[in-house]
Amino acid sequence: MKEVVHPFGVETDWIKEMATAMGGYVKGNHTIVPDDVHTGIRYTLSINEDITVLLADVTYHQDVLFKLRNDKTDFAGIYFNLTEGESIHIMDEVSRPIGRWNYNLAIVDAQLDLDYLVKAGSKSYNISIFVKKRMLREYLSKTGILTEVLDRIFDEEQNTIIHYDHMSGNSWHIINEFRKLSPESISFDLFLGATVYNLLSDYLEHLMNREIVIGKLLSSDITTIMASQSILIKDVAGVFPGIAALAAEACMSETKYKKLYKKITGFTPNSFFLNNKLELARELLASGQYTIGEISDKLNFANASHLTELFKNNFGVLPKDYLTLL
């Protein structure tokens with residue numbers, strides 16, 4: 001496995017360091033990497049003094065472990081990840097699957113150490129946006145959030161910015177439209193910049209529709225919640241174990257457990273469990289191997305009618321209509 005230790009940042013001095021660590025070099029906006037590591041495009045563009053974007057559209061030919069060790073903490077990374085294959089975020093040896101069919105959107109504070117493992121054979125498509133916290137603060141201040149709340153959100157002593165999610169349908173559309181454009185196009189930089197602004201706008205609008213949970217996180221808190229999520233995903237075909245059992249497993253009070261879970265994922269543990277159960281139901285339905293009744297039994301829903309109702313509420317279509325869209 002190849003290990004690549006590097007920082008990120010809005011300033012672009014890290015690009016050469018990252019290229020060298022990968023055994024490559026920088027040529028204009030492109031990072032040229034040896035073919036035995038990966039093939040494809042790795043492209044970095046400074047949008048303005050507050051925003052830089054890294055685009056990676058590559059196929060990995062060996063396992064690569066990126067170890068993110070930032071020397072600046074004045075920014076956050078917003079990661080849109082449509083990797084097909086095996087890719088994982090790791091904190092303190094606890095893993096979280098990332099990619100097209102898992103978490104495909106994350107915002108991570110620059111003060112956090114993060115490892116990112118991509119396995120050989122994975123086809124990776126990532127748009128990583130690095131944004132100055134001051135820019136995020138200015139945007140959020142225009143939404144009517146009280147200054148006192150903003151002070152707490154962006155005070156590193158009081159709050160850690162971290163959130164994992166699934167990107168919106170609108171973000172999917174924005175990225176898929178951009179992917180049609182060739183990097184050789186003279187308008188590539190212009191459209192990449194527009195894509196970044198559109199993705200940021202969509203994400204921040206999405207964020208404002210959710211409860212903002214403020215709190216300082218220890219690395220151990222994050223890894224504990226990640227481990228708890230892994231347990232829920234592993235047992236997603238079963239019955240929700242209950243907050244009391246989950247909190248006890250995490251060695252936390254129920255109040256602390258629910259607060260941290262909501263902060264990191266944007267969901268309550270129960271809604272996270274249900275969403276993942278429905279995602280699995282959708283995969284099983286798309287496989288064509290099971291009826292909705294069989295899926296209901298397999299995943300411990302009350303009955304087929306209940307699953308149909310939840311499916312419609314979550315995905316906007318009935319299961320039978322979803323099949324016609326495939």
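The values are calculated or read from the model by the stated rules, or taken from the named source; none is laboratory data. Predicted, not measured: the structure shown is a model, and the values here were computed from it. Positions of Cβ are backbone-derived with ideal geometry, glycine not excepted, and every protein chain shown enters the neighbour counts.
Kindly state which strands (runs of 3 or more DSSP E) lie completely within segment 74-132 and contain at least 3 residues that are buried (at least 18 other Cβ atoms within 10 Å of the Cβ) and out of contact with any Cys (no Cβ under 6 Å at 6 or more places or on another chain).
75-81, 87-91, 105-109, 114-118, 123-132
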Q | Boolean, Tyr261 is hydroxyl-bearing (Ser, Thr, Tyr), surrounded by 16 or more Cβ atoms within 10 Å (Cβ to Cβ) and under 29 Å from Met91 (Cα atoms) | A | yes
Selection over segment 176-196 where residues are modelled with pLDDT under 95, aliphatic (A, V, I, L, M) and surrounded by 13 or more Cβ atoms within 10 Å (Cβ to Cβ) yields a count of 1
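Need a quick list: helices (runs of 4 or more DSSP H) entirely within segment 217-319 having at least 1 residues that are out of contact with any strand residue (DSSP E or B) (no Cβ under 7 Å at 6 or more places or on another chain) and under 21 Å from Asp165 (Cβ atoms). Talk me through it step by step, then tell me what you get.
Values: elements: 219-234, 243-249, 254-265, 269-287, 292-298, 304-315.
Per the criteria, 219-234, 243-249, 254-265, 269-287, 304-315.
At pLDDT 95 or above, in the same structural domain as Tyr125 (by TED's automatic domain parsing) and among the hydroxyl-bearing types (Ser, Thr, Tyr) - does that describe any residue in segment 48-55?
Taking every residue of segment 48-55 in turn, at least one turns out to be at pLDDT 95 or above, in the same structural domain as Tyr125 (by TED's automatic domain parsing) and among the hydroxyl-bearing types (Ser, Thr, Tyr).
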Going through segment 281-309 in order, the residues found to be among the hydrophobic types (A, V, I, L, M, F, W, C) and at pLDDT 90 or above are Ala281, Leu284, Leu285, Ile292, Ile295, Leu299, Phe301, Ala302, Ala304, Leu307
Just one listed residue, out of Leu150, Leu146, is out of contact with any helix residue (DSSP H, G or I) (no Cβ under 7 Å at 6 or more places or on another chain) and at pLDDT below 80, and it is Leu146
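This table checks each residue for (1) touching a residue at least 24 places away in the same chain (Cβ under 8 Å); (2) in the same structural domain as Arg137 (by TED's automatic domain parsing); (3) surrounded by fewer than 16 Cβ atoms within 10 Å (Cβ to Cβ).
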{"residue": "Tyr203", "(1), (2), (3)": "yes, yes, no"}
{"residue": "Val239", "(1), (2), (3)": "yes, no, yes"}
{"residue": "Ala244", "(1), (2), (3)": "no, no, yes"}
{"residue": "Ile292", "(1), (2), (3)": "yes, no, no"}
{"residue": "His306", "(1), (2), (3)": "no, no, yes"}
Condition set touching an Asp or Glu at 6+ places or on another chain (Cβ under 9 Å) and over 20 Å from Met135 (Cβ atoms), scope segment 6-27, selection surrounded by the fewest Cβ atoms within 10 Å (Cβ to Cβ): answer is Gly23
Taking segment 82-117 and the residues there that are of a type in the set (A, V, I, L, M) and within 10 Å of the chain's Cα centre (by Cα), the one that is nearest to Lys2 (Cα to Cα) would be Ile98
